[in-house]
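Asks: To start, I am sharing the structure in question, which I have written as structure tokens.
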């Protein structure tokens, strides 16, 4: 099962946790919810927890790329607060580490 759970706390970034698979079968659901979360986020931005993602494919990577681009367009910080092995492998395999920049580097240091 895949779930996205937005939460807001005063003066903290909104937080989304993705669970389950981030594949083509869930892509439209994830896209809509991520875009909505970014639109609702305040100046503190959005924290994206990917630590519970079991599987990711190129459609899932496209959703993450879209989230990063949208956060830049909206001038909001996007921080990845957790990365599963599957997500880390996919990002590394496609050499997208630099695209996610500091948002992914902070997670790697944990």
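The values are calculated or read from the model by the stated rules, or taken from the named source; none is laboratory data. All figures in this text were calculated on a predicted structure; none of them were measured in a lab. As a convention, Cβ positions derive from the backbone with ideal geometry for all residues, glycine included, and neighbour counts pool all protein chains shown.
Asks: Could you please give the count of residues in the stretch 22-32 that are in contact with a strand residue (DSSP E or B) (Cβ under 7 Å, 6 or more places away or on another chain) and either within 17 Å of residue 78 (Cβ to Cβ) or at pLDDT below 95 (or both)? I'd like the intermediate steps shown before the answer.
Replies: Step one: of the stretch 22-32, the residues in contact with a strand residue (DSSP E or B) (Cβ under 7 Å, 6 or more places away or on another chain) are 22-23, 30.
Applying the additional criterion that residues be either within 17 Å of residue 78 (Cβ to Cβ) or at pLDDT below 95 (or both) yields 22, 30.
Number satisfying all stated conditions: 2.
Asks: Give the number of residues within the stretch 37-68 that are over 10 Å from the mean Cα position of the chain (by Cα) and in a helix (DSSP H, G or I).
Replies: Total meeting the criteria: 7.
Asks: Also, quick follow-up: All but one of (1) surrounded by 16 or more Cβ atoms within 10 Å (Cβ to Cβ); (2) free of Cβ contacts under 8 Å to residues at least 60 places away in the same chain hold for residue 79, so report the exception by its number.
Replies: In the conditions (1) surrounded by 16 or more Cβ atoms within 10 Å (Cβ to Cβ); (2) free of Cβ contacts under 8 Å to residues at least 60 places away in the same chain, residue 79 misses (2) alone.
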